[in-house]
Amino acid sequence: MTTTDAPAAAPARPPLFRRPGFWVALVLIAGLLVAASILYARETARFEETDDAYVDAHIVRIAPQVAGTLVQVAEADNRHVNAGDLLAVITPSGPRAVLAEAAAGVSQAQAQLETARAQVDAALAQQAQLTAQSRAPIANAEKAAQDLARYENLQKIDAAAVAPQQLDAARALARQTAAEAAAARAQIANAAANVAVARRQVSAAEAATGARRAQVEQANVTLGNLELRAPVSGQVVNRSVNLGSYVAPGTQLMSIVPDHIWITANFKETQLAQIRPGQPVSIRIDAFPKLKFRGRVDSIQRGAGQAFALLPPQNATGNFVKVVQRVPVRIEFDVKNGPDPRRYPIGPGMSAVPTVEVR
């Protein structure tokens, strides 16, 4: 049996890194990665994002201004109310009595005012009457004084022209009529004083009437305070009282979350260089991750949050460690271009992630 030679060994395959296709693929992958990195950097540079954001609103806290017992409380827990809707009523017995007393006081003061005005009219009439009656004595006094002066001039010219008895009679008549004129003038002055007194009484009565009317207005205000109405439209939350509860002035009964809400986003101070009011914002709220709300930058607070703390930091003392501060940025919802947050149970304190398009 003849033997044959063994088959020739297959040629060895070159290593992967020596193959031309490997380097071509590596260069292509590296180029794609570099291009993707550049595109990603450019794309991310167009936006500023923070997860330190939450839904915010001016919460209205309802509290009475007078003390009393609640005789009516609206069943509006977690329900929407409109501005002016009745929320609660406090027992009104005492204030109504005060209002009735104040109204009676106004009537009494008004009657006193009318009496004072009538006294002014009477004093004016008396003054006019005395003025008319004084015309004759004053005229007689003037005539007697003129006659006396004429007699005295004649006596100076010719002593025999006027008899002494006639001159004495003229002097006596002049003194008598002068006294009567003085008495008439005194009566007129007295009447004028009476008019002034009557007018002051009118002023006092008007002031008293004004004070009584102010008491009525205050009583009406107190009655108005017995009815607690919603000052704004929104949802009633955190109700803490029931029918029959006694409340004191300032006691918080419930709160209202207004319909107007916004996002307060605390951006790092290093992110503010490109943020401007009016820029569009994409908002994601944690409670509704599938919804994409729209908004716009409304305003940027002038100052970091730590500057308004109860105890602001004093960096001038002790060691200092620089920490990047955060500045609140207010973002308003854009309901024209996105979902309306009022259609969802979204309220203050809920977390949000806003993304501002800065370029």
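The values are calculated or read from the model by the stated rules, or taken from the named source; none is laboratory data. Remember, it's a predicted structure, so these values are computed and weren't measured experimentally. Cβ: placed from backbone, ideal geometry, glycine included. Neighbour counts: every protein chain shown. Quick note on the areas: whole protein, heavy atoms, side chains included, nothing else; ligands and nucleic acids left out. Shrake-Rupley method; radii C 1.70, N 1.55, O 1.52, S 1.80 Å.
Of the residues in region 300-359, how many are within 26 Å of the chain's Cα centre (by Cα) and aromatic (Phe, Trp, Tyr)?
Residues flagged as within 26 Å of the chain's Cα centre (by Cα) and aromatic (Phe, Trp, Tyr) within region 300-359 amount to 2.
Give just the number: which of (1) closer than 25 Å to ASN82 by Cβ; (2) of a type in the set (Gly, Ala, Ser); (3) open to solvent by 50 Å² or more (accessible area, probe 1.4 Å) does SER351 not satisfy?
(1)
What do you reckon, is VAL329 modelled with pLDDT of 90 or more and either assigned to a loop (DSSP other than H, G, I, E, B) or open to solvent by less than 30 Å² (accessible area, probe 1.4 Å) (or both)? Give the steps one after another, and end with the answer.
Numbers: modelled with pLDDT of 90 or more: yes; either assigned to a loop (DSSP other than H, G, I, E, B) or open to solvent by less than 30 Å² (accessible area, probe 1.4 Å) (or both): yes.
It is true that VAL329 is modelled with pLDDT of 90 or more and either assigned to a loop (DSSP other than H, G, I, E, B) or open to solvent by less than 30 Å² (accessible area, probe 1.4 Å) (or both).
State the number of residues belonging to region 61-77 that are of a type outside the set (A, V, I, L, M) and open to solvent by less than 40 Å² (accessible area, probe 1.4 Å). Show your work before the answer.
Let us first name the residues in region 61-77 that are of a type outside the set (A, V, I, L, M), namely 61, 64-65, 68-69, 72, 75, 77.
Among the residues that remain, those that are also open to solvent by less than 40 Å² (accessible area, probe 1.4 Å) are: 64, 68.
Qualifying residue count for the region: 2.
Has region 298-311 got any residue that is without any contact (Cβ under 8 Å) to a residue 12 or more places away in the chain, open to solvent by less than 80 Å² (accessible area, probe 1.4 Å) and within 24 Å of PRO348 (Cα to Cα)?
First pass over region 298-311, keeping only residues without any contact (Cβ under 8 Å) to a residue 12 or more places away in the chain: 302, 307-311.
In the following step, the residues that additionally are open to solvent by less than 80 Å² (accessible area, probe 1.4 Å) were identified as 307, 309.
Retained after the next criterion (residues that are within 24 Å of PRO348 (Cα to Cα)): 307, 309.
Yes, the conditions are met somewhere in region 298-311.
Of the residues that make up region 213-223, is at least one under 30 Å from PRO64 (Cα atoms), at pLDDT 75 or above and open to solvent by 40 Å² or more (accessible area, probe 1.4 Å)? Reasoning before the result, please.
Going through region 213-223, the residues under 30 Å from PRO64 (Cα atoms) turn out to be 213-223.
Now narrow it down to the ones that are at pLDDT 75 or above: 214.
With open to solvent by 40 Å² or more (accessible area, probe 1.4 Å) added as a condition, the list becomes 214.
The answer is yes; a qualifying residue exists.
Tell me yes or no: at least one residue of region 37-60 is at pLDDT 90 or above, under 21 Å from ARG239 (Cβ atoms), surrounded by 15 or more Cβ atoms within 10 Å (Cβ to Cβ) and not β-branched (Val, Ile, Thr).
Looking for residues that are at pLDDT 90 or above, under 21 Å from ARG239 (Cβ atoms), surrounded by 15 or more Cβ atoms within 10 Å (Cβ to Cβ) and not β-branched (Val, Ile, Thr), one finds at least one in region 37-60, hence yes.
Kindly check whether there is at least one residue in region 301-322 that is assigned to a loop (DSSP other than H, G, I, E, B), more than 18 Å from ALA53 (Cβ to Cβ), of a type outside the set (D, E, K, R) and in contact with a helix residue (DSSP H, G or I) (Cβ under 7 Å, 6 or more places away or on another chain).
Yes, some residue in region 301-322 is assigned to a loop (DSSP other than H, G, I, E, B), more than 18 Å from ALA53 (Cβ to Cβ), of a type outside the set (D, E, K, R) and in contact with a helix residue (DSSP H, G or I) (Cβ under 7 Å, 6 or more places away or on another chain).
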